[in-house]
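J.: Below: one structure in C-alpha cells.
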C-alpha cells in the first residue's frame, strides 16, 4: 500500500491540476479577440493600433507571397496610405493552443467590384500565430493564401 500511495497522489495531483485551457475561463475568446482587433486595425489602416497588437519580431506572408516584417507591415498600414477596404467576413476553422502560443486557421471572404460592374467573391485562407506576452495575446505571424476559385464560383 505504501507504493500505491505516492502513485495515487501523483494521479490525483495530475487530475486536480488545471490545464492551461482550464485556467482561462474563455480559452479561445482572448485569442480570437486578438484576431478581430488585428483585422479591424488593418481595415482602418490604423498602424498605431496594429503596432500594439504585433510582437517585435512579427512577420507575415502576404497574399502575394511576399515576406514582410513588422516595419514594412506598419508602413503599409499608415493612415496616409489608407484605401477603401471591402467588407470582409472572417470564419474560424481551427484554434489550437500550445502553452503561450496559439494558432488560428480561418478564412476571409470578401466581394470586389469588377471593371464591368459585376461583383467577384474571393476567399483567402489565413493562419494566425499568436504568442502570449505579459498576459496579452499578440500577433507573431500571419500567412494569407488565396483560395483558387472553382468554375462554379464564377
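J.: Has the range 88-106 got any residue that is out of contact with any helix residue (DSSP H, G or I) (no Cβ under 9 Å at 6 or more places or on another chain), surrounded by 12 or more Cβ atoms within 10 Å (Cβ to Cβ) and modelled with pLDDT under 95?
T.: No, the conditions are met nowhere in the range 88-106.
J.: If I filter the range 45-82 down to residues being in contact (Cβ under 8 Å) with a residue 60 or more places away in the chain and part of a strand (DSSP E or B), which single residue comes out as surrounded by the fewest Cβ atoms within 10 Å (Cβ to Cβ)?
T.: 57
J.: Sticking with this one: Failed condition for residue 149, given (1) part of a strand (DSSP E or B); (2) surrounded by 12 or more Cβ atoms within 10 Å (Cβ to Cβ), with all others met?
T.: (1)
J.: Test residue 110 against the criterion of being at pLDDT below 90, surrounded by 14 or more Cβ atoms within 10 Å (Cβ to Cβ), under 18 Å from the mean Cα position of the chain (by Cα) and in a strand (DSSP E or B), and give yes or no.
T.: Yes, satisfied.
J.: Quick check on this structure: which one of 79, 72, 33 is over 15 Å from the mean Cα position of the chain (by Cα) and closer than 26 Å to residue 134 by Cβ?
T.: Being over 15 Å from the mean Cα position of the chain (by Cα) and closer than 26 Å to residue 134 by Cβ holds for just one of 79, 72, 33, which is 72.
J.: Looking only at residues that are surrounded by 10 or more Cβ atoms within 10 Å (Cβ to Cβ) and not in a helix (DSSP H, G or I) in the range 20-44, which one is modelled with the lowest pLDDT?
T.: Checked the range 20-44; the qualifying residue modelled with the lowest pLDDT is 24.
J.: Among the candidates 125, 131, single out the residue that is under 22 Å from residue 55 (Cα atoms), buried (at least 16 other Cβ atoms within 10 Å of the Cβ) and either touching a residue at least 60 places away in the same chain (Cβ under 8 Å) or touching a strand residue (DSSP E or B) at 6+ places or on another chain (Cβ under 6 Å) (or both).
T.: Step by step, each of 125, 131 is checked, and only 131 is under 22 Å from residue 55 (Cα atoms), buried (at least 16 other Cβ atoms within 10 Å of the Cβ) and either touching a residue at least 60 places away in the same chain (Cβ under 8 Å) or touching a strand residue (DSSP E or B) at 6+ places or on another chain (Cβ under 6 Å) (or both).
J.: Follow-up. Being farther than 18 Å from residue 40 by Cα, assigned to a strand (DSSP E or B) and in contact (Cβ under 8 Å) with a residue 12 or more places away in the chain is the filter here; which residues of the range 95-107 pass it?
T.: Once the filter is applied, which keeps residues that are farther than 18 Å from residue 40 by Cα, assigned to a strand (DSSP E or B) and in contact (Cβ under 8 Å) with a residue 12 or more places away in the chain, the range 95-107 yields 95, 97, 101, 102, 103.
The values are calculated or read from the model by the stated rules, or taken from the named source; none is laboratory data. It should be emphasised that the depicted structure is a prediction, and the values quoted were computed from it without experimental measurement. We place every Cβ from the backbone using ideal geometry, glycine too, and count neighbours over all the protein chains shown.
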